[in-house]
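Working notes for the structure below.
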Amino acid sequence: MLKIHNLCKKFNSEKVLDNINLTIKKTEIIGLAGASGGGKSTLLRCIQGLEIPTSGTVECDGKIGFMFQDFQLFPHMTVLQNIIYSPTLKDREKNYEEKAITMLNKLGIATKASEYPYNLSGGQKQRVALARSLMISPNVLLCDEPTSGLDVNATNDIVNLLKNVQESDITMIIASHNLEFLSKISDRIILLKNGKVAADIDAHKEDAVNQLMTCWDFQQSQ
């Protein structure tokens, strides 16, 4: 379970997150919606510990994995080397290649193990980034705009992949301004507006997207 209590984050005098309170249950998929600058990425980074909150707390049971919007793959490393780099740093005596190949097989890109990132499509890079984040066997997976720059088919592939990830008892928080994508994958959709929680809606309801639109005209915010 993940608990966020009275979380605030300022950059200089600008308050990017304003008193965020959330409780997220085990294996829930949370869609984090909002326009650019609304605080989505900052909230993910505070949960991961990449940013230090100005005030408030984040409590998490277990390990946290992070899938970055821009992938952050090492260009001079192969796909396999990218995936095993982080866990190998922590335990140089252990061989992680077998686990990495198994992960690549599950994600359908085992044939790309020896390729370099510049030879991959956007969807393939996203799968590599997902594989890398899963190598640490996280309890919580944070995804920052996982469908950014992807076409409809690649987006649907990511939906299916993340649903399969959830079956491994992983809790996910997925930040995106693509409401259609979030409505397909989420259990709850949380709308951030000006650093505050403007809505927290059950995504399984038929009118979930309309409720979000009522809280805030999302399309006009783009």
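For the reader, a short list of remarks on this structure follows.
- Number of positions in region 39-65 that are touching a residue at least 40 places away in the same chain (Cβ under 8 Å), open to solvent by 20 Å² or more (accessible area, probe 1.4 Å) and under 19 Å from residue 1 (Cα atoms): 10
- Test for residue 78: is it open to solvent by less than 70 Å² (accessible area, probe 1.4 Å) and over 17 Å from the mean Cα position of the chain (by Cα): yes
- Matching residues, region 1-46, being basic (Lys, Arg) and within 21 Å of residue 183 (Cα to Cα): 25, 26, 40
The values are calculated or read from the model by the stated rules, or taken from the named source; none is laboratory data. Worth saying up front: this structure is predicted, and the values here are computed from it rather than measured. When we count neighbours, we look across all protein chains shown, and the Cβ atoms used for this are built from the backbone with ideal geometry, even at glycine. Note: accessible area is taken over every heavy atom of the protein model, side chains too, but ligands, DNA and RNA are not part of it. Shrake-Rupley method; radii C 1.70, N 1.55, O 1.52, S 1.80 Å.
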